[in-house]
1. If I filter segment 214-234 for residues that are free of Cβ contacts under 8 Å to residues at least 40 places away in the same chain, within 18 Å of ALA178 (Cα to Cα) and in contact with a helix residue (DSSP H, G or I) (Cβ under 9 Å, 6 or more places away or on another chain), do I get at least one hit?
2. Among (1) in contact with a strand residue (DSSP E or B) (Cβ under 8 Å, 6 or more places away or on another chain); (2) under 22 Å from ALA80 (Cα atoms), where does ALA260 come up short?
3. Determine the pairs where a residue that is in contact (Cβ under 8 Å) with a residue 40 or more places away in the chain, located within segment 102-116, has a partner that is surrounded by 13 or more Cβ atoms within 10 Å (Cβ to Cβ) and among the β-branched types (Val, Ile, Thr) with Cβ atoms under 8 Å apart, the partner being 6 or more residues away or on another chain.
4. Are there strands (runs of 3 or more DSSP E) fully within segment 148-201 with at least 3 residues that are closer than 20 Å to PHE115 by Cβ? List them.
5. Quick one: in segment 202-211, of everything that is in contact (Cβ under 8 Å) with a residue 24 or more places away in the chain and surrounded by fewer than 17 Cβ atoms within 10 Å (Cβ to Cβ), which residue is farthest from GLY116 (Cα to Cα)?
6. Kindly provide the set of residues from segment 152-165 that are touching an Asp or Glu at 6+ places or on another chain (Cβ under 7 Å) and more than 21 Å from ASP259 (Cα to Cα), ordered by number.
7. Conditions: (1) of a type in the set (Val, Ile, Thr); (2) without any contact (Cβ under 8 Å) to a residue 12 or more places away in the chain; (3) surrounded by 13 or more Cβ atoms within 10 Å (Cβ to Cβ). VAL69 meets all but one. Number of the miss?
Amino acid sequence: MMIVLNIVKSLFTVFLIVGLLFSSGVFSVLLYAKMTGKEFFAESPPAVVLAEGAPDQAGQAGQKPPEPVKPKPASAMLDAPVVRQLPELPAGCEIVSLTMLLNYYGIDKGKMELFGEMKKDPTPIRWEKGAIAYWGHPNTGYVGDATGKSRGFGIYHAALFDTLKAYVPTAKDLTGSAFDAVERQIADGYPVVVWTTIDFAVPQKWVSWDTPVGPIETTFMEHAVLLVGYDETHVFVNDPLSGKKAHKLNKDQFLATWDAMGKQALSYVK
C-alpha cells in the first residue's frame, strides 16, 4: 500500500512540475509578444479575394478600360467649298471661313446672312495721340465694320463659337489644343476654322487698346482660314481672302502664326 502511495505522490510531483514549466513558458511567450508586438498565436490572415465587380488595379468597378488612341494618318485632305470674302466683306475673313465650314457640314447659308447673325461688339473706337486707346474686344463680338465702310478689325473664337453652335449642336472649340488634335479633326472628316495672319508670317507689329472687359494686344494682320488638309510638312487651307482652295503652306511657318494668334480653332463632331 505504501508503494502505491509513493508512486501516486511521485506522479503528482511530476505533473505539478510539468504544469509549472508549461505555464511559465506560455507566460514567457505572452510577455515576449507584449514587448515586441509579435503575436505567436494569432490566426493566419485570410487570403485576399476580389469580389466580382470590386475595384482592382485595372480601375474602378464597372468602368471600361480606356480605348487605345488610334494611329493618325500621315496625311489627310477634305474637299470643302471655298468662299471669297471680297468684295462684300474685306475685313470679314472669320465669318466667311465659318461659312465654308457650315457649307461643308450641310448648312445652306451664305456669308452675308451669317454676317448678319454674327455677334458684334458695338463699342465705338476712341483715338488718343494717333493711336487707338479704347475699342471693343473680339471675344465679345466683331470689333469694327467688316464691310469696309469704316475701320474694321475682327472676331475671335469665343464670340464666333456662338454662331457655329446655333447651327451645329456638336460644335467644338479646340482653342489651346495641341495641333495634333486639330489634325485628328481633319483625319476624322471635320474641317477646322483656324486663326493665322494675312501673309502667314509671324507679325512684327502689335497694337493694344483698352476694352470694356480689359486690355487686349493683337495685330491688324490677324486672319482666319479653313484648314482642310495636312501632311508631314504642310497644311492646306481654303483662304477666303485669295479665294485659293487647299492652299499649300509650310507647316512650321503656319504653326508659328497659329501659336502667335492664340491657337484659336473651331470645328465640330458628329
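1. Yes, segment 214-234 contains at least one residue that is free of Cβ contacts under 8 Å to residues at least 40 places away in the same chain, within 18 Å of ALA178 (Cα to Cα) and in contact with a helix residue (DSSP H, G or I) (Cβ under 9 Å, 6 or more places away or on another chain).
2. Exception for ALA260: condition (2).
3. Cβ pairs passing all conditions: LEU102/VAL168; TYR105/VAL168; ILE107/VAL168; LYS109/THR99; LEU114/ILE95; LEU114/THR99; LEU114/THR163.
4. 152-154, 192-197
5. VAL202
6. Our first condition is that a residue be touching an Asp or Glu at 6+ places or on another chain (Cβ under 7 Å); within segment 152-165, this holds for 152, 154-155, 157, 160-161, 163.
The answer is GLY152, THR163.
7. Here VAL69 clears every test but (3).
Residues are listed down the side, and each one gets a yes or a no for (1) on the phi > 0 side of the Ramachandran plot; (2) crowded, with 24+ Cβ neighbours inside 10 Å; (3) part of a helix (DSSP H, G or I):
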| position | (1), (2), (3) |
| --- | --- |
| PRO240 | no, yes, no |
| PHE254 | no, no, yes |
| ASP259 | no, no, yes |
| GLY262 | yes, no, no |
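Coordinate-derived values only; no laboratory data. Since we're looking at a predicted model, the values are computed, not measured. Note that we place each Cβ from the backbone using ideal geometry, even for glycine, and neighbour counts take in every protein chain shown.
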